[in-house]
Amino acid sequence: MIEGILVNGRTARFYKTLVEDEQVALDVGGINGFPGDKYANLIVLYGLTTPASTPEDIAVLMRQELDRLINEPVSEAELERVKTQARAGLLGRLSSNSGMASLLAEYQAKTGSWQNVFSELATIEAVTAADIQRVAQATFQPQNRTVGRIVSSEN
């Protein structure tokens, strides 16, 4: 849900702030559960600089948005948007035989039972703004953070 709030789509916080409003990023994105998602481990958040901006410009704005997520509950509209995205993603994967087979195998491996896929809609619906804020407060602490920058040697 946090990844959805921050980077999924043009209404996501990072996209609106970094790409549209401040124009320091060409694109933003995230990879949740990196390098795998059976166990809670990493979320990778990234931004691609514009020619006129620096990685530091992006880092400052990302930190502001993470602080906002820590300190302010998400709105009902934001929460409903990411829940809708999550439900649509799950149901979309179940719409084909190969998608269903892949999802059932994934849930078997991740949760110990393929049947847990069928309770996922209820799990999505149960997420609250307070849950998101609580997880953000625990996750986005300075001691949990690694910041990387990939820069051209030509600069």
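The values are calculated or read from the model by the stated rules, or taken from the named source; none is laboratory data. From a predicted model like this one, the values you see are computed outputs, not experimental measurements. Note that each Cβ is placed from the backbone with ideal geometry, even for glycine, and that neighbours are counted across all protein chains shown. We work out accessible area using only protein heavy atoms, side chains counted, and drop any ligands, DNA or RNA first. Shrake-Rupley method; radii C 1.70, N 1.55, O 1.52, S 1.80 Å.
Between the helical axis of 129-139 and the longest alpha-carbon principal axis of the chain there is an angle of about 60 degrees.
Taking Cα atoms only, the orientation of helix 55-71 departs from the longest principal axis of the chain by about 50 degrees.
Taking only protein heavy atoms and a 1.4 Å probe, the accessible area of region 33-123 is 61% carbon and sulfur.
Using only the alpha-carbon atoms, how far is helix 76-93 inclined from the longest principal axis of the chain? Give it as 0 to 90 degrees, nearest 10. Around 60 degrees separate the two axes. One equal scatterer on each Cα of the chain, no solvent, Debye formula: the resulting log10 I(q)/I(0) at q = 0.10, 0.16 Å⁻¹ is -0.42, -0.99. Think of a 1.4 Å ball rolled over the protein heavy atoms: the chain then has 61 Å² of accessible area per residue. The distance from the alpha carbon centre of region 1-24 to that of region 103-153 is 18 Å, rounded to a whole number. Loop-located GluC sites (Glu not before Pro) in region 60-155 (DSSP state other than H, G, I, E, B) with a sparse environment of at most 14 neighbouring Cβ atoms within 10 Å: E154. Identify, among T49, L61, V82, the residue whose Cα sits farthest towards the positive end of the charge dipole of region 46-89, taking +1 on the Cβ of Lys and Arg and -1 on the Cβ of Asp and Glu, with the dipole about the Cα centre. Positive-most Cα among the choices belongs to V82.
If you plug the beta carbon distance of I70 and T123 into 1/(1 + (r/R0)^6) with R0 = 22 Å, you get a FRET efficiency near 0.45.
Only helical runs count toward this figure. For the chain, summing -39,500 (n - 2.57) over DSSP H runs of n ≥ 4 and dividing by all residues gives -15000 deg cm²/dmol at 222 nm. Qualifying chymotrypsin sites (Phe, Trp or Tyr not before Pro) in region 7-76, where qualification requires a DSSP coil assignment and no more than 11 other C-beta atoms within 10 Å, comprise Y39.
Here is the list for region 88-147: trypsin sites (Lys or Arg not before Pro) lying in DSSP coil, each with at most 12 other C-beta atoms within 10 angstrom of its C-beta, are R145.
Region 82-155 has equivalent-ellipsoid semi-axes of 32, 20, 13 Å, by the square roots of 5 times the alpha carbon gyration tensor eigenvalues, sorted largest first.
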